[in-house]
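Written out below as structure tokens is the structure these notes cover.
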Amino acid sequence: MRVSAADPLQVVATTSMITDAARVVGGELVRVTGLMGPGVDPHSYRQTRSDILAMVRSDLTLHHGLYLEAQMEEFLDKLTEQRRVVAVTRDIPRDKLIAHDEYKNQFDPHIWMDPRLWVHVVNSVRDALIEALPEEKARFTDAAANYIKELDELHAYATTVLSSVPQTTRILVTSHDAFNYFGRAYDYEVMGVQGISTQSEAGLTHVGELVSTLVQRNIQAVFVESSVSDRNTRALIEGAASRNHEVRIGGHLFSDAMGPDGTYEGTYLGMIDHNVTTIARALGGDAPERGMRGELTIGM
């Protein structure tokens, strides 16, 4: 609990992307505890005892919403009865969301794949911090505005390098359907071995259909994800090979979590820069080897 105005606001954030946004916008005025680190799958994550203690003692808990933290939903609902809890996707217009492919009245939660949608999250984080610490409104507002300028730069970079990929090869095959917003934003066809949630299974029939697609459309690169097993993706490669079609792994993408702490890829900007650059280069586009800022270090 925050004892005095001189103490940093105690904030807990579920995913690494939200943790990063809260740290950027809050700066030295907040102390952010992130629950999910690199490689952690938020779809299956369950709160630990230490997580519960941190949230109960915090001034503010930020979670994604849209049923991303499915295993934490019940606890978060109860927590709202006694603590300040904010779903950072709450203010995104519903007409900007992609409907869930399995559940009525639910939506694809992977909105961070489109930097323009992530702006809504940054604004929600800003507003939540202002509500908790209103005397620092100006500082939170300025920090958010500066960060949004960086998101605009990121989107412009992504648009440029991804459009350099030939139209016929703008096909993104990944471990699960985490890239639908990416596909919509940058005009790419997206195919996931699993569904929107990593909890859904990839059936043999679906894998077989994807193998046929790889062969028929001469797709030569597929991608694996940092927080999802590559078993099904490798099954695609083996299936294509059995039909005399060579498919390679185009690279590792960050899907539901960012890169290691302390690295550029361990920030939201670096995460998306890495994905955009990796995809563009693997599919025949023109992108600088070390990304938008020349800071990429992983898998380049």
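The values are calculated or read from the model by the stated rules, or taken from the named source; none is laboratory data. Predicted model only: the values in this text are computed from it and were never measured. Because the Cβ atoms are built from the backbone with ideal geometry, glycine has one as well, and the counts that use them run over all protein chains shown. Ligands, DNA and RNA are excluded from the accessible area calculation, which covers all protein heavy atoms including side chains. Shrake-Rupley method; radii C 1.70, N 1.55, O 1.52, S 1.80 Å.
Values as computed for the structure displayed
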| read-out | value |
| --- | --- |
| Val40 within 27 Å of Leu151 (Cα to Cα) and not small (Gly, Ala, Ser) | yes |
| Residue in the range 128-154 that is surrounded by the fewest Cβ atoms within 10 Å (Cβ to Cβ), counting only those that are closer than 18 Å to Thr89 by Cβ and either of a type in the set (Phe, Trp, Tyr) or under 22 Å from the mean Cα position of the chain (by Cα) (or both) | Ile148 |
| Residues that are part of a loop (DSSP other than H, G, I, E, B), surrounded by 23 or more Cβ atoms within 10 Å (Cβ to Cβ) and at pLDDT 95 or above, drawn from the range 180-197 | none |
| Pair list, Cβ < 6 Å and 6+ apart or interchain, from the range 268-288 residues that are open to solvent by less than 10 Å² (accessible area, probe 1.4 Å) and β-branched (Val, Ile, Thr) to residues that are assigned to a helix (DSSP H, G or I) and modelled with pLDDT of 95 or more | Ile272/Leu154; Val276/Ala158 |
| Subset of the range 10-61 that is among the polar types (S, T, N, Q) and part of a strand (DSSP E or B) - its residue that is least open to solvent (accessible area, probe 1.4 Å) | Thr61 |
| Glu73 being open to solvent by 90 Å² or more (accessible area, probe 1.4 Å) and either outside any strand (DSSP E or B) or not aliphatic (A, V, I, L, M) (or both) | no |
| Condition check for Gly291: open to solvent by 40 Å² or more (accessible area, probe 1.4 Å), under 21 Å from the mean Cα position of the chain (by Cα) and either over 22 Å from Asp177 (Cα atoms) or of a type outside the set (Ser, Thr, Tyr) (or both) | no |
| For Tyr45: the one exception among (1) of a type in the set (Phe, Trp, Tyr); (2) in contact with an Asp or Glu (Cβ under 7 Å, 6 or more places away or on another chain); (3) under 26 Å from Lys149 (Cα atoms) | (3) |
| Neighbours by Cβ (under 7 Å, 6+ apart or cross-chain): first from the range 178-190, within 16 Å of Phe107 (Cβ to Cβ); second assigned to a loop (DSSP other than H, G, I, E, B) and among the small types (Gly, Ala, Ser) | Ala178/Ser255 |
| Residue check for Val222: among the β-branched types (Val, Ile, Thr), within 28 Å of Ser44 (Cα to Cα) and open to solvent by less than 80 Å² (accessible area, probe 1.4 Å) | yes |
| Matching residues, the range 240-267, being β-branched (Val, Ile, Thr) and either outside any loop (DSSP other than H, G, I, E, B) or open to solvent by 50 Å² or more (accessible area, probe 1.4 Å) (or both) | Ile249 |
